[in-house]
Every structure is written in structure tokens, then in C-alpha cells.
Amino acid sequence: MIFDTIIIGAGPAGASAAIYAARAGLSVRWLDNRFIPGGQISDSSCVDNYPGLPGISGADLGEAMAKHAANFSMEPVREKVLKLAFNNEDKTWSVHTKKNDYQARTIIYAAGAAHRRLNIPGEEELSGSGVSYCASCDGAFFKGQDTVVIGGGNTACEDALFLTKLCRKVYLVHRRDELRADRILQELVKKTDNLEIIWNHIPEKIEGDTCVTGLGIKSTMPHAAEEQAARIIEASGVFIAVGMVPNSALLSGIASLDETGYVIAGEDCAASAPGLFAAGDVRTKPLRQIVTAVADGANAVTSVQKYLHETGNSAQNK
């Protein structure tokens with residue numbers, strides 16, 4: 001069987017695409033390598049910025065999206081995709097997994113992106129209990145408290161400035177003696193009263209048992225004074241902003257990627273390869289949030305329908 005589309009990924013973008021594809025009457029195979037629905041959001045203890053569902057847990061939101069898709073008989077097949085290939089002769093895609101080979105006229109690639117991890121003690125254990133990778137998602141939970149942001153780029157500075165409007169004190173820990181962020185952001189950071197930059201330090205350990213109580217840091221300077229070489233910043237929240245890693249390795253050599261690995265695609269989600277559409281956090285976009293991922297899923301299906309109509313290649317036309 002040749003499917004109209006194969007959706008790869010079962011986060012918000014993939015779930016949205018599955019729902020819209022089912023409603024459009026497309027023949028679909030939905031693939032995901034995780035056994036818990038929701039993608040990244042399943043790791044969030046509380047989602048407070050998704051319209052209509054304030055305070056819902058990420059796991060519950062992911063489950064709700066999966067159930068919505070299941071109402072249309074759409075459920076992901078739990079298989080890891082190993083390889084994608086476009087067949088020039090018949091203009092179809094081949095999708096190879098460990099168990100099966102599939103063919104489709106289009107691909108909706110919604111594999112997402114992963115937050116770059118520090119891989120220090122306490123990070124994994126306290127994720128969702130004071131450790132966060134999204135200030136705009138979780139900052140409100142730390143109102144009036146002390147927090148730490150780790151990083152030195154635009155995202156770190158934007159997160160730190162965002163948190164200063166909510167938190168009593170914000171520390172920005174950076175491993176170098178100058179920030180990498182845009183100049184205007186650097187100036188804002190340096191003149192914000194309740195924001196303190198801790199230069200030339202790296203995080204060593206996130207402190208706490210059931211929730212974050214502080215961050216252990218160490219100086220990168222070879223001759224730092226003993227009291228500055230290693231210390232603990234007392235804080236109830238640690239925000240890690242050291243970059244994202246798009247899950248785009250499967251598209252290397254197939255579609256155009258930007259310098260950081262994101263799939264180059266606009267609001268219509270069309271990538272550079274024919275019949276390939278990138279949706280959600282894996283594509284180039286200014287804002288990566290649940291609401292934009294869900295929108296991408298809908299837009300991708302609309303683009304798939306248009307592509308199938310223009311090529312006359314839909315199963316509905318057979």
C-alpha cells in the first residue's frame with residue numbers, strides 16, 4: 001500500500017497532523033519511537049500556557065491529544081524510523097524502520113527537537129521539579145523566588161530578562177567573560193537591577209532532594225580564589241538555556257537544513273524536497289511552543305492536500 005502521507009513523530013505537531021489528516025480522509029501511517037504520547041511535553045510537570053487548559057500536566061495534555069486522534073482511529077505505530085529515501089521514478093517516499101518498509105506520497109516530519117543537556121548530577125532527577133528548559137513555560141511557578149539561568153546566548157538572556165519580571169533575583173551563569181547574545185540583549189541584561197551575571201563559571205551539580213534548592217558552580221579561571229572556585233547559589237529554579245538539538249539527522253542530505261540543523265521550511269511547512277513537510281520544533285521558526293507546533297500540524301496537512309491535488313497523486317484520486 002502507498003499511503004497519502006506518513007507522519008513521523010507523535011508530539012503536538014504530529015498529533016495535530018494526525019487529527020487533520022484523518023478529518024481530510026487521507027490514508028495515513030503514523031510512526032513514533034516513544035511509548036508515551038506527547039513528545040517533549042510529556043516531561044513537563046505543568047503546562048500553563050496552552051489556551052483553555054491552564055495548569056494541565058504535560059503527560060495529561062499529551063494523553064488528551066493522543067485520545068483525540070484515537071477518536072479518528074489514528075494511533076501511532078511504535079517504530080523507530082531508520083532511513084528515508086525519495087524515489088525519483090514514481091515520486092514516492094520510502095520509510096524504513098527496524099520492522100517494516102513503508103511507502104507514501106508525502107512525509108510530514110514532526111520529529112521535534114531536544115533540549116541540549118548539561119549531563120550534570122541532579123539534572124535528570126530534578127527535571128520538572130525545579131529544573132526547566134523553558135522560562136516562558138515554567139517561569140510563573142517561581143514568582144517571588146530566586147532562580148538561575150545557565151547560558152550566554154540570546155535564549156539565555158531572553159529567559160533571564162523574562163524571569164526578572166517574576167522572580168526576586170535571577171542569576172545568569174556563563175562560562176566565559178562575555179555573552180554571545182545580541183548587543184541590545186547584553187545591554188538590557190547588564191542594567192537590570194535584580195539580575196546578576198556570574199562570569200567564568202560552569203555548573204557542576206543541581207542541589208536538592210525532591211525539588212531544587214541550589215546550583216553548585218565552579219570557576220573556569222585557573223587561579224580563582226578558593227571561595228570563588230566552587231560555591232552554591234541558593235535558588236528554587238534552574239533554567240538551562242544552552243541550546244536545542246533538532247532531531248533532523250534523518251534528513252541530512254535529503255532536505256535543506258540551516259547551520260544549526262533545523263529543517264528550512266516556512267509557515268506552509270514545505271521543505272526543499274518534493275512532498276516533504278516539516279512541522280513543529282524541527283523546522284526553522286522564531287517561536288517553538290505547543291501552540292505553534294499544533295498550528296504546524298494543521299498547516300502541514302493543508303500543504304499535503306494541496307501537493308496531492310496538484311500532482312494528481314492522492315489515493316482519493318485513484
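FYI, it's all coordinate maths here, none of it is from the lab. None of these values were measured; they are calculated from a predicted model. So basically every Cβ, Gly included, is an ideal-geometry build from the backbone, and we count neighbours across all protein chains shown.
Counting Lys and Arg as +1 and Asp and Glu as -1, what is the net charge of the other residues whose Cβ lies under 11 Å from the Cβ of residue 157? My count for the surroundings of residue 157 gives -1. Here is the short version for the chain: 46, 157, 167, 211, 269 have no other Cys C-beta closer than 4.7 Å. Charge tally for residue 46 (other residues, Cβ to Cβ under 11 Å; Lys, Arg +1; Asp, Glu -1): -3.
For the range 126-220, the set of GluC sites (Glu not before Pro) satisfying both a DSSP loop assignment and a count of at most 12 other C-beta atoms within 10 Å is given as 178. Can you give the angle from 0 to 90° between the axis of helix 290-311 and the longest principal axis of the chain, with both taken from C-alpha atoms, to the nearest 10? Compared with the principal axis, the helix lies near 30 degrees. Taking label points 7 Å from Cα along the Cα-to-Cβ direction, residue 75 and residue 91 give a separation of 3.5 nm.
Taking amide hydrogens as placed 1.01 Å from N in the peptide plane, the amide H of residue 30 sits under 5 Å from those of 7, 77, each at least 5 positions away in sequence or on another chain. Sites listed here are GluC sites (Glu not before Pro) in the range 1-98 whose DSSP assignment is loop and whose Cβ has at most 11 other Cβ atoms within 10 Å: 89. Under 5 Å from the amide H of residue 148 lie the amide H atoms of 171, 237, 238, 239, each residue being 5 or more positions distant or on a separate chain, with H modelled from the backbone and absent for Pro and chain starts.
When the Cα positions of 147, 233, 163 are compared along the charge dipole of the range 131-240, 163 comes out farthest toward the positive end, with charges on each C-beta of Lys, Arg, Asp and Glu. Across the range 57-63, computed HN-Hα scalar couplings (Karplus, 6.51 cos²θ - 1.76 cosθ + 1.60, θ = phi - 60°) run 6, x, 4, 5, 5, x, 5 Hz from first to last residue, x flagging Gly and Pro.
The long axis of helix 12-23 is offset from the longest Cα principal axis of the chain by roughly 20 degrees.
Couplings 3J(HN,Hα) of the range 241-253, computed from phi: 10, 10, x, 10, 10, x, 7, 10, 4, 5, 9, 4, x Hz, in residue order, whole Hz [Karplus 6.51 cos²θ - 1.76 cosθ + 1.60, θ = phi - 60°; x for Gly and Pro].
The ranking of 96, 223 from fewest to most other beta carbons within 10 Å of each one's beta carbon is 223, 96. Placing R0 at 45 angstrom, the Cβ-Cβ distance between residue 1 and residue 136 gives a FRET efficiency of 0.60 after rounding to 0.05. Cβ crowding within 10 Å, taken as a proxy for footprinting-reagent exposure, orders 73, 136 from fewest neighbours to most as 73, 136. Between 0 and 90 degrees, the angle of helix 154-164 with respect to the longest Cα principal axis of the chain falls at about 60 degrees.
Going from the fewest other Cβ atoms within 10 Å to the most, the residues 148, 81 appear in the order 81, 148. This model, with +1 at the C-beta of Lys and Arg and -1 at the C-beta of Asp and Glu, gives the range 1-77 a dipole about its Cα centre of some 200 debye. In this structure the amide hydrogen of residue 198, modeled in the peptide plane, comes within under 5 Å of the amide hydrogens of 172, 173, 174, none closer than 5 places in sequence on its chain. Converting phi to 3J(HN,Hα) with the Karplus coefficients 6.51, -1.76 and 1.60 and the offset θ = phi - 60°, the range 27-37 yields 7, 9, 10, 10, 10, 7, 9, 9, 8, 10, x Hz in sequence order, with x at every glycine or proline.
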